[in-house]
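Asker: Mind having a look at this structure? Questions to follow.
Bear in mind that the values in this text are calculations on the coordinates, not laboratory data. Since the structure is predicted, the reported quantities are computational estimates derived from the model, not experimental observations. Cβ placement follows ideal geometry from the backbone for every residue including glycine, while neighbour counts extend to all protein chains displayed.
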Amino acid sequence: MTKFIAGNWKMNGSFVESKALVEALCDPILSEGVDVCLCPPFVYLATVSQMDKPANFSIGGQDCSYHGGFGAFTGEICAPMLKDAGCDYVILGHSERRQNHCESNAAVARKAEYAHGSGLVTIICVGETLDEREAGLQNSVVILQLMESIPSTASGSNLIIAYEPVWAIGTGKSATISDVEDMHGVIRRFVKEKLDNPDSIRILYGGSVKPENAADILSIENVDGALVGGASLKADQFLAIIAAAK
Ligand code: PEP
């Protein structure tokens, strides 16, 4: 399966910086053979999607509304708007949304259902906290998140799962190779049992992926790519991670 490297810019970058980052990243030779997805803040989506990019580059939103269509929902962005702005993907259930915006598994599933209805591929994030891992609960926590966050509309053609242990996000401390291997095995078994066309579902790892650890992480069985936060904001670092995915 072609590796998939997504950059979650979160709430970073000015308009000028965002354009410069895309220009620096869009090297067709450096990125050849890897599917790359850029996820800028909402306000930069249309601009980034209209810039010249190699065919293996796509655009994703970082979230979408719990409401499916247009209406009186001040401040919200619905899935059809993401599609209209040039997105093919949307990240849902990121731990920062689950923690800071009290997003439940049910809310993630409802957003995903609307996103699928709009033709978007959902990148659904799951992952345990440090307390949960220390209590040995990581597998049950992640399986419950998968069961409740993935709607019945999901299949191999519209679902990517990102395993992001919360304690590894933005901390510089990535999970060990064996932690990643074990959890990706658990997730692969889950999709095989529960979903249609499971072999085409990519399972990404996210959590302090950087040029120094990318090759090791991306060579683990059942790791089909990476969701990258901090290192996606620096062109040289993100390109090095893409190179490691080749
Ligand atoms: C993320 O926020 O999805 C993430 C993986 O961040 P970082 O790479 O900075 O840990």
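Asker: In segment 114-139, which residues are hydrophobic (A, V, I, L, M, F, W, C) and in contact (Cβ under 8 Å) with a residue 24 or more places away in the chain? Quick ask: steps written out before the conclusion?
Answerer: Of the residues in segment 114-139, the ones hydrophobic (A, V, I, L, M, F, W, C) are 115, 120-121, 123-126, 130, 135, 137.
Once the filter is applied, which keeps residues that are hydrophobic (A, V, I, L, M, F, W, C) and in contact (Cβ under 8 Å) with a residue 24 or more places away in the chain, segment 114-139 yields Ala115, Leu120, Val121, Ile123, Ile124, Cys125, Val126, Leu130.
Asker: Any residue in segment 59-86 that's within 19 Å of Asn8 (Cα to Cα): show its pairings with residues that are basic (Lys, Arg) and buried (at least 20 other Cβ atoms within 10 Å of the Cβ) at Cβ separation under 8 Å, as long as the two are six or more apart or on different chains.
Answerer: Pairs that qualify, where the first residue is within 19 Å of Asn8 (Cα to Cα) and the partner is basic (Lys, Arg) and buried (at least 20 other Cβ atoms within 10 Å of the Cβ), are Asp63/Lys111; Cys64/Lys111; Ser65/Lys111; Ala79/Lys111.
Asker: For segment 113-225, please list each of the helices (runs of 4 or more DSSP H) lying entirely inside it that holds at least 2 residues being farther than 16 Å from Ile5 by Cβ and within 16 Å of the ligand (Cβ to nearest atom). Full working, then the answer.
Answerer: On the way: elements: 130-134, 138-149, 177-194, 211-218.
Because the criterion is at least 2 residues that are farther than 16 Å from Ile5 by Cβ and within 16 Å of the ligand (Cβ to nearest atom), the helices (runs of 4 or more DSSP H) in segment 113-225 that meet it are 130-134, 138-149, 177-194.
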